[in-house]
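Below is one structure; the comments refer to it alone.
We did not get these values from a lab; they are worked out from the coordinates using the rules stated. Please read these numbers as outputs of a predicted model, since none were measured by experiment. Cβ sites come from the backbone with ideal geometry, for glycine too, and all protein chains shown count toward neighbours.
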Amino acid sequence: MKAKYTGIWMDHAAALLMELSNGGITTKTIKSKLTHQQKEQVLAKGEKAMHHKEQHEELAYYQEIGAAVKDCTEVMLFGPTTAKTELLNILRADHQFDNIEIEVMPADKMTANQQQAFVKDYFLKHLS
């Protein structure tokens, strides 16, 4: 199996998956399905309904990211919110990710170029 290294910049709204290959990076974006408009509509039904909807949509978002990295050798999660740690906990609880090295790195808001440079630097330093 060919080694696959992916860095994921994420928050609760979107994840930018950056796969490092031959010194270059290919990217894919996964967005949470829970929009601001949906939040307002569900909140009108009550706070309990909102909480349930948020949990359901958040889990589906994290599962979609997990499906995208299930064949990776190593994954590095980074971003400005707690979403990266929440995803880490979900992936570690699923045994299909036992053989994938997953690390969380702190990071503030970054431009797309800064995100790609962060991923390249991390894996090039980590692999040498």
By the Cα gyration tensor axes a ≥ b ≥ c (a/c under 1.5 gives rounded; else a/b larger than b/c gives prolate, otherwise oblate), the shape of segment 58-128 is oblate
For Lys4 and Lys70, extending 7 Å from Cα along the Cα-Cβ vector and measuring point to point gives, in nm, a value of 1.1
Of the listed pairs Lys33/Lys84; Lys31/Lys109; Lys31/Lys84; Lys4/Lys31; Lys70/Lys109, those with alpha carbons more than 24 Å apart are Lys70/Lys109
